[in-house]
Amino acid sequence: MQKKHILDGIRVLDFSQHVAGPSASRMMAEMGAEIIKLELAPFGEQIRQVGLKINDRSVYFIQQNRGKKSVCVDMKTDEGREIVYGLVKQADIVLENFAPGAIARLGLSWEKVQQLNPECIMCSISTFGQAGPLATLPGYDFIGQAYAGITGMIGDEENGPYIPLAALGDTMTGAHALAAINGALYHRATGGTGQFLDISLLDCYFHCHEMNVGTISASDGAYSPKPGRHHSAVGPLGVFKSKEGYIVLIAILRRWPDFCEVMGKPELIDDPRFVDDAVRAQNQDILTPIIEQWLQAQESDAAVIKMLGERHIPVAPILSIKEVMEHPHMQERGTVRTVSDRGAGSFEMPGMPLRFSAFDNDLELSAPYLGEHNSEVLTSLLGMDTAAISTLTTQGVLINEPLPDTNH
């Protein structure tokens, strides 16, 4: 039988909430894995109630949870825990992003997972990791970012640090988790057993540092990078004030002579103040006004981008989110795509970032209603009958919300 996608046949029991964990399982769903989203009774995933809601459906929730099956269980009951233990026995992966120790207190430590299913891979995502002096602190994306020295590299010295209004750390940590999970699946498939994966936002954020960490260490602290609009080690590389706004421009290495010629300033090529990338970075207070004066004298930002692009000098406009969504490249490539939800209707969201030549990259997926798949999952995987499921629902061990009437 032909696989529907690359992870067809893999089953994930997903306890995760918000973005870091759900982004990992969302990409796995896009790759054909069966994702059983285990939601805790009575309210389920917290982001069901967050952000813009249409017909009581959170657009935020839909984006992070398409392609998943929802089972809502009260794990504080003996019956609820037994259901979860049964599902663990049927799972390839258990994914969670509670605070360290929380899932153990719910009765599902790594030791318990191993006991139930030695072949299972358990991935725990947290802000600071499962152990260490910071492990027990509450954390979110921006908290991990601040501790990792990333926030200190955003903004400028005059006005202080900024935060990016995008879930950079959460989605990147989800991608790191996915890499670890896929590696663990390969290890298991080649004769290994299940294992525990400890993935933290702090580790992943610190992993993003380009050259700062090594340079600070190797220079015994003599090198001290500064936040701002321009790279502190090479130049010109940064954000420049143009005629109509701002552009990002990178004219380093072999592109510097080409850039000088485009500006009509060949004399700058051998100017001792700008002789190489490091010296240009040191003298950016002199160089930046020269570049910005030239940019602001041009016909338009579009004309500048076209001119520099023709000389293969990296340059980009700083687009708004709306401009990105409307850009023909993003539309054609599927970087932005339109999805349809049973409750919220049609809207655009980010596309699947992982592309595979052997499979379609847009599976037909939908986000679940709370507890929508209780009966399907518990019947097919645990052999429970309708009467037992009905009794547990009446007792509040299982929770489900009404589905929309799709006939109207």
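With the full set of protein chains in place, find how many percent of the accessible area of the chain is carbon and sulfur; take the probe as 1.4 Å. Intermediate results must be reported in sequence, preceding the final value.
Working: 11340 of 20710 Å².
So the carbon and sulfur contribution to the accessible surface is 55 percent.
Which whole-number percent gives the relative contact order of segment 270-408, counting Cα pairs below 8 Å spaced six or more residues apart? Computed over segment 270-408, the figure is 12 percent.
Looking only at Cα atoms, what is the convex hull volume of segment 253-364 per residue, in Å³?
Numbers: hull volume 18.5 nm³, N = 112.
Dividing the Cα hull volume of segment 253-364 by its residue count gives 165 Å³.
To the nearest 20 debye, what charge dipole does segment 1-61 have about its Cα centre, counting +1 at the Cβ of each Lys and Arg and -1 at the Cβ of each Asp and Glu? List each step's numbers first, then the result.
On the way: 8 positive and 7 negative charges, 22 e Å.
Result for segment 1-61 is approximately 100 debye, rounded to the nearest 20.
Under a 5 Å amide H cut-off, with hydrogens placed 1.01 Å from N, CYS72 pairs with GLU39, GLY371, ASN374, ILE399 among residues at least 5 apart or on other chains.
For segment 12-81, the pair-distance distribution built from all alpha carbon pairs, in bins 5 Å wide starting at 0, is 4, 18, 26, 24, 16, 9, 2, 0 percent.
In terms of overall dimensions, the C-alpha atoms belonging to segment 195-275 reach 60, 35, 23 Å along their principal axes, ordered largest to smallest. Nearest-5 percent of antiparallel DSSP beta bridges in the chain? Beta bridges within the chain, antiparallel portion: roughly 50 percent.
Per residue, how large is the accessible surface of the chain? Use a 1.4 angstrom probe and give square angstrom.
Working: 20710 Å² over 408 residues.
Accessible area per residue: 51 Å².
Taking the Cα of LYS306, stepping 7 Å toward and past its beta carbon, and measuring to each backbone N in segment 231-257: which are under 14 Å? None, by backbone N distance to the label point.
How large is the charge dipole for the chain, taken about the Cα centre, if only the Cβ atoms of Lys, Arg (+1) and Asp, Glu (-1) carry charge, to the nearest 20 debye?
Working: 33 positive and 50 negative charges, 75 e Å.
Dipole about the Cα centre, nearest 20: 360 debye.
Which one of THR335, VAL88, ALA297 is farthest out on the positive end of the charge dipole of the chain, using unit charges on Cβ (Lys, Arg +1; Asp, Glu -1) and the Cα centre as origin? Going by the Cα projections, it comes out as VAL88.
Could you give the C-alpha radius of gyration of segment 301-408 expressed as a fraction of 2.2 N^0.38 Å, taking N as the number of residues it contains?
Values: Rg = 22.9 Å, N = 108, 2.2 N^0.38 = 13.0 Å.
Cα-based Rg divided by the globular estimate yields 1.76.
Relative contact order, whole percent, for segment 325-388 stands at 19, derived from Cα pairs under 8 Å and 6 or more residues apart. Here, segment 149-238 yields an orientationally averaged convex hull projection of 8.2 nm² when only Cα atoms define the hull. I want the antiparallel fraction of DSSP beta bridges within segment 1-136, as a percent rounded to 5. Taking every DSSP beta bridge with both residues in segment 1-136, the antiparallel ones total about 10 percent. Once you've got the Cα coordinates, tell me which of LYS3/LYS89; LYS53/LYS112; LYS53/LYS89 are over 31 Å apart. Those over the limit are LYS53/LYS112; LYS53/LYS89. Residues in segment 111-116 carry Karplus couplings, in order, of 4, 5, 4, 4, 5, 6 Hz; the curve used is 6.51 cos²θ - 1.76 cosθ + 1.60 with θ = phi - 60°, and Gly or Pro positions show x.
Based on the Cα atoms of the chain, what semi-axes does the equivalent ellipsoid have, where each is the square root of 5 times one gyration tensor eigenvalue, given in whole Å with the largest first? Could the numbers behind the result be given before it?
On the way: eigenvalues 460, 124, 70 Å².
Value: 48, 25, 19 Å, ordered largest first.
With the highest mean first, a sort of the peptides 30-38, 44-52 on other beta-carbon atoms found within 10 angstrom per residue produces 30-38, 44-52. As an equivalent ellipsoid, segment 197-336 spans semi-axes of 28, 26, 12 angstrom, where each value is the square root of five times an eigenvalue of the C-alpha gyration tensor, largest first. When the charge dipole of the chain is built from unit charges on Cβ atoms (+1 for Lys and Arg, -1 for Asp and Glu) and taken about the Cα centre, the candidate among ILE313, LEU381, TYR186 whose Cα reaches farthest toward its positive end is LEU381. For segment 31-75 versus segment 226-303, the spacing of their alpha-carbon centroids is 47 Å.
Could you sort 163-173, 120-130, 337-347, 316-326 so that the peptide with the highest average Cβ count within 10 Å comes first and the rest follow in order? Intermediate results must be reported in sequence, preceding the final value.
On the way: 163-173: 18.2, 120-130: 24.0, 337-347: 14.7, 316-326: 12.0.
Sorting 163-173, 120-130, 337-347, 316-326 by mean packing, highest first, produces 120-130, 163-173, 337-347, 316-326.
Dipole magnitude for segment 282-394: computed about the Cα centre from +1 point charges on Lys and Arg Cβ and -1 point charges on Asp and Glu Cβ, it is near 160 debye. Of LEU116, ASN159, ALA148, whose Cα points farthest to the positive end of the dipole of segment 98-221 (charges on the beta-carbon: +1 Lys, Arg; -1 Asp, Glu; origin at the Cα centre)? Of the options given, the answer is LEU116.
Using alpha carbons only, how many angstrom separate the centre of segment 353-387 from the centre of segment 144-166? Between the Cα centres of segment 353-387 and segment 144-166 lies a distance of 39 Å.
The values are calculated or read from the model by the stated rules, or taken from the named source; none is laboratory data. Source: prediction; values computed, not measured. Neighbour counts run over all protein chains shown; Cβ positions are idealised from the backbone, glycine included. Please note that ligands, DNA and RNA were not included when accessible areas were found on the heavy atoms of the full protein model with its side chains. Shrake-Rupley method; radii C 1.70, N 1.55, O 1.52, S 1.80 Å.
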